[in-house]
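Where a number appears in this text, it was derived from the coordinates with a stated rule and is not lab data. Being a predicted model, the structure only gives us computed values, none of them experimental. Virtual Cβ from ideal backbone geometry, glycine too; neighbours counted across all protein chains shown.
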Amino acid sequence: MLQALGLNALTESVYRALLADPDGGVEQIATTLHLSETEVREALDELLELTLLRPAADSRTLRAVSPEVGLTRLLARNQNQLLFRQQQLENARTAIEALSAEYTDRRTDDEMVVRLDSLEAVRDRLEELAATATEECLSLMRGGAVRPDSIQAGKHPNRLALERGVAIRSIFQDSFRNDPDTLRYARWLADLGGQTRTVPVLPMRLVIVDRSIALIPSDPGDGRRGALELHGPALVQPLRALFDELWRNGADFGQPAPRDDQDLTGSERALLQLLGDGHTDESAARRLGLSLRTVRRMMQDLMNRLGAESRFQAGAQAARNDWL
């Protein structure tokens, strides 16, 4: 119940036991909860680290900090960390867009950047990279459902890479969960050892091979216009950091989209945030990779859950409920 705050089930049970019986010792808690004394002591160490325990008046024992104080403080700390991570991702997105814009309209002979001028050239290069990769292939799959021809084109090189022991990890948008072709592809990839996760919003399409080569779209709004192939740590490492952060926050593709403590999916929370930032339904739909009809249906469902009759009222109620 409190895992989002950093408490596992065992530690939470010990915390609750201390709240119910402040004078209970390690032996008594272990007996009550059917735990070993070692497990109880480890849980107490975690509670101390989370500042959910404090010295008692006699300074010889520890007391549980009340939920109103301890858990509220812990919640605020986690919210601040989340806001900081979101800002980091937004800064990375801005940097990526600036980098893409810098090279969109001019050809360069610099060996650190190579222009691939068509979708066919991109596919040919991806096949070459999959054939020569030795460690890993990472990808961000932004946008709507993956086209069947793109899925088919990627199957053969991905199979060869996996058979050689190359790790393949892909991050899709949550909207891909609704596409049968993409679901079948994700299951096919998982059967061969590949891994897939989803997040509500992705900043762009991206492929990284062996930590040394990255491909980004020449035009973020139209992947058919080709890509830029980037080389060197200065260009590739920030993109790898972006992928790692998204991967940590992603949900396994094979599982239902998780819900947070407010019973919101990541897409629902992202929609509220986008609309709160001034996006229209149309632009929010593009960012989420969803149809306009789906976005409007999601918003109506959120308004019903909030008991709101207007979007302004829904925004105010969402803020009061800590949905934003």
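By count of other Cβ within 10 Å, fewest leading, how are His279, His34 ordered? If you can, show how the numbers build up before the last one.
Working: His279 17, His34 8.
Fewest-to-most Cβ neighbours within 10 Å comes out as His34, His279.
For the residues Ala234, Ala251, Ala186, a GNM of the chain with alpha-carbon springs under 10 Å puts the largest fluctuation on Ala234. Stokes-Einstein, applied to the Kirkwood radius of region 196-315 over Cα pairs at a viscosity of 1.002 mPa s and 20 °C, places its translational diffusion at 131 µm² s⁻¹. Amide H contacts for Arg63 (H built 1.01 Å from N in the peptide plane; partners 5 or more residues away or on another chain; cut-off under 5 Å): Arg54, Ala56. Taking every Cα-Cα distance in the chain and sorting them into 10 Å bins starting at zero, the pair-distance distribution P(r) comes out as 5, 21, 25, 21, 16, 8, 2, 0 percent. Pairwise Cα separations in region 79-252 fall into 10 Å bins from 0 onward with the following percentages, short to long: 9, 39, 39, 12, 1. Put simply, the convex hull of the Cα atoms in region 3-65 casts, on average, a shadow of 3.9 nm².
Computed from the Cβ-Cβ distance with R0 of 41 Å, the FRET efficiency linking Arg187 to Ser118 stands at 0.85. What longest region of the chain stays clear of GluC sites (Glu not before Pro) that DSSP places outside H, G, I, E and B and that have at most 12 other Cβ atoms within 10 Å? Counting only loop sites that pass the neighbour cut-off, the longest clear stretch is 136-308. Tally the DSSP beta bridges in region 79-252 and give the antiparallel ones as a percent, rounded to 5. Approximately 60 percent, going by the DSSP bridge assignments.
Calculated [222 nm] ellipticity per residue, helices only, for the chain: -17500 deg cm²/dmol; basis is -39500 (n - 2.57) per DSSP H run with n ≥ 4, divided by all residues, nearest 500.
Scanning residues 5 or more positions from Ser118 or on other chains, those with amide H under 5 Å from its amide H are Ala227, with H placed 1.01 Å from N in the peptide plane.
Against the longest principal axis of the chain, how steep is helix 148-163, in degrees 0 to 90 to the nearest 10, with axes from Cα atoms? Relative to the chain, helix 148-163 is tipped by roughly 70 degrees. Take every DSSP beta bridge whose two residues both sit in the chain; close to 65 percent of them are antiparallel.
Ordered by the number of other Cβ atoms lying within 10 Å of each residue's own Cβ, fewest first, Trp323, Trp188 fall into the sequence Trp188, Trp323. Determine the distance separating the Cα centre of region 14-63 from the Cα centre of region 267-305; give it in Å without decimals. Each part's Cα centre sits 44 Å from the other's.
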